[in-house]
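*Asks:* Mind having a look at this structure? Questions to follow.
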Amino acid sequence: MRPVSMAFAGALLGTVVLAGCGQTPAPAPAPASSAPTAPSSSAPAADAAFPATVQAGNGAVTVAKRPERIVSISPTATETLFAIGAGPQVVAVDDMSTYPAEAPKTDLSGFNPNVEAIIAHKPDLVVASDDKVAAQLAKVNVPVLVEPAATKIDEAYDEIIDLGVATGNKAKADEVVSGMKDKLDQLASGAPQGKKLTYYHELDTTPYAATSTTFIGQIYGMFGLVNVADKAPEAAGGYPKLSAEFVARTDPDLIFLADVKCCRQSKETLAKRPGWQNLKAVKNDRVIQLDDDIASRWGPRIVDLATAIGDAVRKADASQ
C-alpha cells in the first residue's frame, strides 16, 4: 500500500482485484393488464428496466427495483453516479468522496467500512470498490455492487455502464461513455508523433511511480510518452518504489506530480532533492502539478487527466 496518499491505496487495489464488468438487465415483468395507460413519466420508464442484473467485481448482482437510497463508499463510484444522473438517488458517500461538491459526504469509510454505520442510512444499494462488506450487507438484504479499480480503460467504461444499469440511468451512462471515448480519441489524435518524450509520474514522495502497465500508464501511453519507471528494478505489480538517484539518472523530459494536495509537491520542492535541481524537467519548467484525486480515480474525469497530459505534451513539443 502507498505509505502517504490514501488515493494510491485505491490504485494498488486494482492490481489485486480484477473487475468483473458487464451488465445484463433481466426481462421486465409482463404487464398486469392490456388496458390503455396514461403516458409514462421518467420514473416508470426507469422502473421498467428492473429487476436488473449486473456482472460486477463480486459476481452477478441483482437489483430488484430502482434504488432510491444509494450509499457510495467509493470516490470513483460517487463521481460516476453524479455524472450519469443518479445524484438525486444518493443519500450518503464516504469521507474520501470529494467530488462533486454536492455529494452528501459523511464520515463513512471505504477503507475501513462500518456495516452498522452504512445500514443506518437505510440503503437499498451500496456501491464499493472492494467486497469487505458485501457478505454482511447481504444478510440484511442490501445489494452491494463492487466496482474495483479499473486496470484498463475499457474496464472503466464497463463500470460506468454497470452503474447506469443498476441505478436505472443506462441511457445517460451510455452517453457519458460515448463522450469520453470521443474526447480521448480527439486528444490522442492531436498528440505530437515521433518525439518519444520521456516522463516520470510521481504517486508520492517515497517516491512511488506507476509503470506503463497500470491504468494511469495507459493514459500516458495515448500520447506516445516513454515511461522511465518501466526500467526500474522490481517494477512487478506496476508500482515500483524508486530511488532519487534512479530518477536523476533517467532525467525525464516531463515530470507529473500526483502528490500535490497530499504532500505539497512542486517544481520548487523537487529542486531541493539531491541531484534533481539540474533535471531537464525542472530547469525547463516541465513539472506538471496534477489534481491528486483526478489522477487516482478511474471515472469520467479521466478525460480531465488526459487533457492535462495532452496540454503538457504539446507545450513541451512546441518548446523543442
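The values are calculated or read from the model by the stated rules, or taken from the named source; none is laboratory data. Remember, predicted model here, so these are calculated numbers, not experimental data. All Cβ positions, even for glycine, are placed from backbone atoms using ideal geometry, and neighbour counts span all protein chains on display. Areas reflect the complete protein model, heavy atoms only, side chains present, ligands, DNA and RNA absent. Shrake-Rupley method; radii C 1.70, N 1.55, O 1.52, S 1.80 Å.
*Asks:* Does the stretch 45-88 hold any residues that are within 15 Å of D124 (Cα to Cα), open to solvent by 40 Å² or more (accessible area, probe 1.4 Å) and in contact with a Ser or Thr (Cβ under 9 Å, 6 or more places away or on another chain), and which are they?
*Replies:* Answer for the stretch 45-88, where residues must be within 15 Å of D124 (Cα to Cα), open to solvent by 40 Å² or more (accessible area, probe 1.4 Å) and in contact with a Ser or Thr (Cβ under 9 Å, 6 or more places away or on another chain): P51, T62, R66.
*Asks:* If you take the residues of the stretch 197-222 that are of a type in the set (V, I, T) and open to solvent by less than 40 Å² (accessible area, probe 1.4 Å), which of them is farthest from A150 (Cα to Cα)? If you could, list the steps in order and put the result at the bottom.
*Replies:* Within the stretch 197-222, the first condition is being of a type in the set (V, I, T), and the residues that meet it are 198, 205-206, 211, 213-214, 216, 219.
With open to solvent by less than 40 Å² (accessible area, probe 1.4 Å) added as a condition, the list becomes 198, 211, 214, 216, 219.
Numbers: T198: 24, T211: 15, T214: 9, I216: 10, I219: 12 Å.
This residue is T198.
*Asks:* Hey, another quick one. Quick test for you: out of A43, A32, pick the one residue that is at pLDDT below 95, part of a helix (DSSP H, G or I) and not hydroxyl-bearing (S, T, Y).
*Replies:* Details: A32 fails: part of a helix (DSSP H, G or I).
Result of the check over A43, A32: A43.
*Asks:* Specify the residue that is farthest from Q265 (Cα to Cα); the eligible residues are those in the stretch 188-221 that are out of contact with any Asp or Glu (no Cβ under 7 Å at 6 or more places or on another chain), modelled with pLDDT of 95 or more and of a type in the set (A, V, I, L, M).
*Replies:* I219
*Asks:* Let me ask something else about it. Yes or no: the stretch 164-181 includes at least one residue that is outside any helix (DSSP H, G or I), buried (at least 19 other Cβ atoms within 10 Å of the Cβ) and on the phi > 0 side of the Ramachandran plot.
*Replies:* From the stretch 164-181, those outside any helix (DSSP H, G or I) are 168-169; that's our starting set.
Subsequent filtering for residues that are buried (at least 19 other Cβ atoms within 10 Å of the Cβ) retains 168-169.
Next, from what is left, pick out any that are on the phi > 0 side of the Ramachandran plot: 168.
Scanning the stretch 164-181 turns up at least one residue that is outside any helix (DSSP H, G or I), buried (at least 19 other Cβ atoms within 10 Å of the Cβ) and on the phi > 0 side of the Ramachandran plot.
*Asks:* Working carefully through the options D293, D304, find the one that is in contact with a Ser or Thr (Cβ under 8 Å, 6 or more places away or on another chain) and either without any contact (Cβ under 8 Å) to a residue 12 or more places away in the chain or within 23 Å of D154 (Cα to Cα) (or both). Even if it seems obvious, please write down each step before you answer.
*Replies:* Numbers: D304 fails: in contact with a Ser or Thr (Cβ under 8 Å, 6 or more places away or on another chain).
From the options D293, D304, the qualifying one is D293.
*Asks:* Out of L225, L242, L279, report the one residue that is open to solvent by less than 10 Å² (accessible area, probe 1.4 Å) and either of a type outside the set (S, T, Y) or modelled with pLDDT of 95 or more (or both). Even if it seems obvious, please write down each step before you answer.
*Replies:* On the way: L225 fails: open to solvent by less than 10 Å² (accessible area, probe 1.4 Å); L242 fails: open to solvent by less than 10 Å² (accessible area, probe 1.4 Å).
Of L225, L242, L279, the one residue that is open to solvent by less than 10 Å² (accessible area, probe 1.4 Å) and either of a type outside the set (S, T, Y) or modelled with pLDDT of 95 or more (or both) is L279.
*Asks:* I want to confirm something. Restricting to the stretch 182-194 and keeping residues that are in a helix (DSSP H, G or I) and open to solvent by less than 80 Å² (accessible area, probe 1.4 Å), which single residue is farthest from P88 (Cα to Cα)? I'd like the intermediate steps shown before the answer.
*Replies:* Looking only at the stretch 182-194, we keep the residues that are in a helix (DSSP H, G or I), and these are 182-189.
Going one step further and asking which of them are open to solvent by less than 80 Å² (accessible area, probe 1.4 Å), we end up with 183-184, 187-188.
Numbers: K183: 27, L184: 28, L187: 32, A188: 34 Å.
Looking at residues that are in a helix (DSSP H, G or I) and open to solvent by less than 80 Å² (accessible area, probe 1.4 Å), I get A188.
*Asks:* Continuing with the same structure: Please find, among L305, L270, L290, the residue that is farther than 15 Å from I219 by Cα and open to solvent by less than 20 Å² (accessible area, probe 1.4 Å).
*Replies:* Checking each option against the conditions leaves just L270.
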